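The values are calculated or read from the model by the stated rules, or taken from the named source; none is laboratory data. From a predicted model like this one, the values you see are computed outputs, not experimental measurements. Heads up, the Cβs are rebuilt from the backbone with ideal geometry, glycines too, and the neighbour counts pull from every protein chain shown.
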């Protein structure tokens, strides 16, 4: 590999991504997954509110617990959506503070989402005496998002380390005068 003017090695093949490309892919993936999650959880909350049976409403302790956890899931994904936009701005402008804000907020919101998801699944399974197809699909969607989120955090941390070490992707400014 040839050493580039800026002091880092330039990859010659197209199969490798650099840290910035990985961070952009992670940001866009996080953004699209949060949009999909907002749509799915919004639909689920709307269906639960409008078409819940009287039997579900009789046991209000569980019903309101499920509604509260779904509201927290929905609002956490709206916050993840805002954080993903902040991350994109931080990547383009190479601002360490915006990237660090995303890291802290994203990890906290993923932890909150995990707690609410388990709480909602346990209450729903208890109300309906077992897991149905929708709950299994929701659990599978959650686990797949956790795996992709782990890869996204790894990619963003590597980009953050590159920026903290002094590497830049900004074009060189050459002043001749």
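The set of residues in segment 122-138 that are free of Cβ contacts under 8 Å to residues at least 24 places away in the same chain, assigned to a helix (DSSP H, G or I), in contact with a helix residue (DSSP H, G or I) (Cβ under 7 Å, 6 or more places away or on another chain) and farther than 17 Å from residue 43 by Cβ contains only 125.
The residue that is farthest from residue 23 (Cα to Cα), counting only those in segment 96-116 that are surrounded by fewer than 15 Cβ atoms within 10 Å (Cβ to Cβ) and without any contact (Cβ under 8 Å) to a residue 40 or more places away in the chain, is 115. Looking only at segment 80-90, residues that are buried (at least 22 other Cβ atoms within 10 Å of the Cβ) and either in contact with a strand residue (DSSP E or B) (Cβ under 7 Å, 6 or more places away or on another chain) or in contact (Cβ under 8 Å) with a residue 60 or more places away in the chain (or both) come to 1 in all. The test for being surrounded by fewer than 16 Cβ atoms within 10 Å (Cβ to Cβ), more than 20 Å from the chain's Cα centre (by Cα) and either modelled with pLDDT of 90 or more or closer than 29 Å to residue 113 by Cα (or both) holds for residue 135. Among the candidates 151, 163, 147, which residue alone is exposed (fewer than 11 other Cβ atoms within 10 Å of the Cβ) and over 22 Å from residue 43 (Cβ atoms)? Answer to the check: 147. Looking at 110, 89, 80, just one residue is more than 30 Å from residue 67 (Cβ to Cβ) and either touching a helix residue (DSSP H, G or I) at 6+ places or on another chain (Cβ under 7 Å) or not in a helix (DSSP H, G or I) (or both), and that residue is 89.
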